[in-house]
1. Taking region 400-430, which residues are small (Gly, Ala, Ser) and either closer than 18 Å to residue 231 by Cβ or in contact (Cβ under 8 Å) with a residue 60 or more places away in the chain (or both)?
2. Under 8 Å by Cβ, and 6 or more places apart or on different chains, what pairs join a residue from region 110-135 that is of a type in the set (Lys, Arg) with one that is modelled with pLDDT under 95?
3. Checking residue 411 against (1) within 23 Å of residue 99 (Cβ to Cβ); (2) part of a loop (DSSP other than H, G, I, E, B), which test does it fail?
4. Counting just the residues of region 260-273 that are within 19 Å of the chain's Cα centre (by Cα) and assigned to a strand (DSSP E or B), which one comes out surrounded by the most Cβ atoms within 10 Å (Cβ to Cβ)?
5. Check off (1) under 22 Å from residue 88 (Cβ atoms); (2) touching a Lys or Arg at 6+ places or on another chain (Cβ under 9 Å); (3) part of a helix (DSSP H, G or I) for residue 36 and give me the number that stays unchecked.
6. Are there any pairs, at least 6 apart or on different chains, whose C-beta atoms fall under 8 Å, with the first in region 136-149 and under 24 Å from residue 352 (Cβ atoms) and the second acidic (Asp, Glu), and if so, which?
7. Only one of (1) in contact with a helix residue (DSSP H, G or I) (Cβ under 7 Å, 6 or more places away or on another chain); (2) crowded, with 21+ Cβ neighbours inside 10 Å; (3) not assigned by TED's automatic domain parsing to the domain that holds residue 103 is not met by residue 141, so which one is it?
8. Restricting the search to region 328-342, which residues are farther than 19 Å from residue 129 by Cα and buried (at least 21 other Cβ atoms within 10 Å of the Cβ)?
Amino acid sequence: MKKILAGILAAAIIFIVIHQMRSPVTLTIGIFAGNNWDVPQGAPYAIIDEVIKNFEAENSGVKVKYVSGIKKEDYSEWLAEQFISGEEPDVFFILADDFNLYASIGALKNLEDFIATDKNFSTEVYYPAAFKFGQYENISYALPCESTLTFMFVNKTLLAKEGVALPKNNWTWKDFLEICRKVTRDTDGDGAPDQFGCYDYSWQDAAISNGMKFFRDDGRTSYFADSRMEETIKFMIELRAVNGGGFAVSPKDFDVGRVAFRPFTFAEYRTYKPYPWRIKKYSSFEWDCIKMPAGSSGGNISVMDTLLIGMSSRTWNKDLAWALLKKFCYDKKTQQLILKKSQALPVRRDVIISAEAQEIFSWDSSETAAITPADISCAMDEAVMPFKFKNYNSAMLYADTEITKIINGVVPLNNALNKLQKEINALLQH
């Protein structure tokens, strides 16, 4: 009788194993509709669907599913609810403001072992700021999928009208100031300037290009008393004085072509440079983009923001989840797909400097682009990543309020930065 029961049990186990082998494995992925860069995009799931199709073709018996229609502004709440209910996706996109939280509470799988043991993976393909963005306390919990960084929009029509040559990509604060002085003037004779040098250029933009680091990596200490910050403030005071002591420049001034410069993300450049969005947005003047002007103690540096993807620490299919993660973030064909079909930039260096990138970024054969894939690659290599520690937003809001007072002449510069640093450091301790 025992032999019969053992035989039945063995047969049942074999049946279950065979059934499980034949049953498809389902992986889930968390994604929001549209893109991370707040620019128009058609067919929001086109890249996702193609990547999933390719992954399923390469992994027989594996299905990948996702919930569609989740808006970016609702995504954080949706993902948190999935974690609370224990139904979080195996692999999911991570908004920058959420990354540290998920990494710190153990919700994200530590990827260090995968990275170290996978012979078909190398961190060397990535730009440093993109890869490091997925690290928390020097441990990788996510991989970069796509990035964008800030460049300077240049109104070529306005510069040509004023007899000013397009700046080179190695231009400086001095060049920036000189051009702003040349183009800022009263064109209608009413006594107030109506043509301007720049719009929306912030002290943060200037400080980054002056080699300034605002905080220690752990967010416990600030460096606002640094001499590079003082240089930045003095430069911003000079820039403000160019248009009559801070005459308000409006978005409309920029849109109708009365402003020479404005910082732009590369996602905006990719969206509004080619047809059809170019016609809808900036068709009344010719424009291009170049690297940010270099400060006296820095370089042509800007911030690079990156969209991350990670895996749940509770996934039952860790190896497959890693394979799917790589498919989105490492696979060269996927990165080429991002190059072709998205507004963002791939995070693989070899894709950015490819001949295909050269062709894609040359939208108009009648004019030579001011920025080349080699320039873009250089900018991504030099870029810094944004801070994302818990108190960052409140600290920067306070800093912005106080520094704006200094730039506007409400508070004297003398010793103000030392005082600000002490106040920010106190705020960071809470």
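1. 409, 416, listed by residue number.
2. Partner pairs satisfying both residue conditions: 132/385.
3. Checking residue 411 against (1) within 23 Å of residue 99 (Cβ to Cβ); (2) part of a loop (DSSP other than H, G, I, E, B), the one that fails is (1).
4. 265
5. (3)
6. Cβ pairs passing all conditions: 140/112; 147/305; 148/305; 149/305.
7. Exception for residue 141: condition (3).
8. Across region 328-342, the qualifying residues are 334, 342.
The values are calculated or read from the model by the stated rules, or taken from the named source; none is laboratory data. Predicted model, so just to flag it, every value in this text is computed and none were measured. A quick note on method: Cβ atoms are made from the backbone with ideal geometry, for glycine too, and the neighbour counts reach across all protein chains shown.
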